[in-house]
Amino acid sequence: MHFNQLTYPEITKKFLKFEEKYNLLFLKVDGVFPWQIARIPIFLHIVDQLIPGSTAPINKSKKKQLKDLLHRLFINVLFFNPFLDFKHKKVIVIESGRKYRDEGSYIDIYTEYLCQQLDKDHVTYTRYENNYNIDDALIKRKLNIKHLDFILLFSKLKTKFIKSSWSEIDVQKIQEITHALESEFGLKIDLPQIFDDEIRRFKAEVNLYSKLFRLKKAEEIYITNSSEKASVIEAAKNNGMLVKELQHGLMSDKDVISNYPYTNSGTLRYFPHQFYIWDNVDMFFGKLPLEEKNIIPFRNRHIERYVQKTANILKEDKTILVISQPYGSAEIQEFIKSNHIILSEYSIIYKMHPSENEQLFSTFKNEFSKVPNIRFVNNEESMYVLLKKAKYALGIYSSSLFEAKAFDCKVILLNLPGVEMSFPLLRNRENKLIDINQKVSDILI
């Protein structure tokens with residue numbers, strides 16, 4: 001098999017097997033478990049090399065970069081410094097770093113409703129903002145909600161003065177793993193450098209988070225996406241805090257995030273004590289390294305709220321919502337190109353993904369901007385309103401395809417690499433799988 005013909009699920013399978021074979025989750029170097037910290041960046045590096053062409057780095061002008069840096073230094077660090085809040089609170093909530101438009105403002109849909117419930121239960125908490133994918137100017141700031149930029153920026157400076165200490169046995173073992181990993185995927189991967197960078201960053205961040213948590217004297221902490229928060233988890237555990245993670249999207253058994261099929265319960269150092277999974281939206285299929293008692297069901301209140309809010313919106317039988325994504329966007333666009341004439345009587349809404357290749361998207365948009373039945377949407381409209389209006393949602397493996405059911409929207413899956421992650425949706429016979437060369441009109445009802 002040619003390595004560049006591997007699909008996303010095939011890469012996942014090989015990666016997890018490799019992880020198990022070399023017991024990498026328990027590899028310890030300089031007092032740290034580097035694979036637990038770096039497994040997602042390493043995995044995404046492999047995916048980006050073997051499935052190229054869809055994602056692209058965000059290119060900012062030097063002026064924009066300077067403006068963002070000054071904002072982080074003089075606003076987030078000075079005015080929203082977490083160390084300038086000395087009040088003791090029972091709970092710490094770290095926002096996800098994602099903001100979504102909601103009734104004229106932007107909210108973190110993964111932690112907003114948790115905080116509302118904590119208020120209702122009269123539980124004291126401190127809320128920390130994270131970096132966002134949207135302009136800070138769009139976010140209404142509250143002085144009582146601090147920002148983690150002081151830790152994120154200062155730790156980068158501290159990292160330069162930290163050296164990781166490796167024994168000769170460590171060096172030899174990591175070189176062996178590096179050669180085996182490169183052979184497994186046919187890529188060059190500088191694993192020693194990745195480990196060194198991650199260990200030093202981890203130590204710098206743990207030191208700062210530990211000082212913050214000692215200051216706050218909290219008993220519990222809520223996070224999302226633990227794969228990016230090893231230092232937070234380590235510092236919290238060192239301070240005797242109960243660490244809880246909230247589900248924040250599709251968790252697939254064909255992916256690496258929140259999926260540990262070969263790991264025993266309670267054995268990972270940098271994993272939360274408890275994991276909260278939505279029980280009103282079926283979007284979790286991975287294997288967690290936790291006992292059942294520590295996997296806790298809870299409601300996705302954002303979807304619940306929008307189901308109620310959109311109850312009076314009429315379904316448009318001739319509307320198709322196209323849900324794009326980073327991997328596969330070029331193929332999705334080609335499918336629309338080959339089908340848009342057949343679908344001339346339908347309204348097609350193309351929802352751009354935040355991480356989509358902007359150059360690729362712009363070329364496609366310019367070509368079809370004057371086609372009357374195609375409309376392009378970024379982040380200015382609610383996905384849930386679009387799902388409620390559309391009769392069909394078309395895509396590969398986006399989280400929104402799994403949310404479609406709550407809004408009575410039928411799903412059309414494109415048979416492209418990664419679609420295996422969406423196969424649970426085909427348990428519903430109203431949802432269909434279509435080949436990329438098939439006419440979409442063949443399956444429209």
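The values are calculated or read from the model by the stated rules, or taken from the named source; none is laboratory data. Worth saying up front: this structure is predicted, and the values here are computed from it rather than measured. Here Cβ is always computed from backbone atoms with ideal geometry, including for glycine, and neighbour counts include all displayed protein chains. Keep in mind that these areas ignore ligands, DNA and RNA; they rest on the heavy atoms of the full protein, side chains included. Shrake-Rupley method; radii C 1.70, N 1.55, O 1.52, S 1.80 Å.
List of remarks:
- Ranked from largest to smallest solvent-accessible area, with a 1.4 Å probe on the protein heavy atoms, Lys21, Lys309, Lys158, Lys229 come out as Lys21, Lys309, Lys158, Lys229.
- Approximating the spin labels as points 7 Å out from Cα along Cα→Cβ, the Asn81-to-Asp121 distance works out to 3.3 nm.
- Candidate cross-link partners of Lys14 among the aspartates and glutamates, defined by an alpha-carbon separation under 17 Å and a same-chain spacing of 8 or more, comprise Asp48, Glu182, Glu184, Asp253, Asp255, Glu420.
- Largest first, the residues Thr7, Thr111, Thr363 sort by 1.4 Å accessible area into Thr363, Thr7, Thr111.
- For the chain, with +1 on Lys and Arg beta carbons and -1 on Asp and Glu, the positive-most of Leu242, Phe285, Ala404 along the dipole: Leu242
- Inter-part distance where region 281-316 and region 190-241 are each reduced to a Cα centre, Å: 28 Å
- Structure remark: mean-square fluctuation, Gaussian network model of the chain, C-alpha springs under 10 Å; the largest value among Gly266, Gly249, Gly395 belongs to Gly266.
- Entries of Lys17/Lys188; Lys120/Lys389; Lys173/Lys217; Lys28/Lys62; Lys158/Lys216; Lys203/Lys244 with Cα pairs more than 29 Å apart: Lys120/Lys389; Lys173/Lys217; Lys28/Lys62
- Above-threshold pairs, the threshold being 22 Å between Cα atoms, out of Lys229/Lys405; Lys90/Lys211; Lys13/Lys156; Lys351/Lys391: Lys229/Lys405; Lys13/Lys156
- Between Ile296 and Asp48, the C-beta separation translates, for a Förster distance of 30 Å, into a calculated FRET efficiency of about 0.35.
- With the simple model of a label 7 Å out from the Cα in the direction of the Cβ, Arg427 to Asp317 spans 3.0 nm.
- Rolling a 1.4 Å probe across the protein heavy atoms gives the chain an accessible surface of 49 Å² per residue.
- GNM result for the chain, Cα springs below 10 Å: residue of Phe402, Phe161, Phe275 fluctuating most strongly: Phe161
- Accessible area per residue was computed with a 1.4 Å probe on protein heavy atoms; His179 scores about 110 Å².
- Potential extension, Lys173-Asn280 segment - 0.36 nm per residue separation minus Cα distance: 34.0 nm
- Remark: the chain carries a charge dipole of roughly 1320 debye about the Cα centre, counting +1 on each Lys and Arg Cβ and -1 on each Asp and Glu Cβ.
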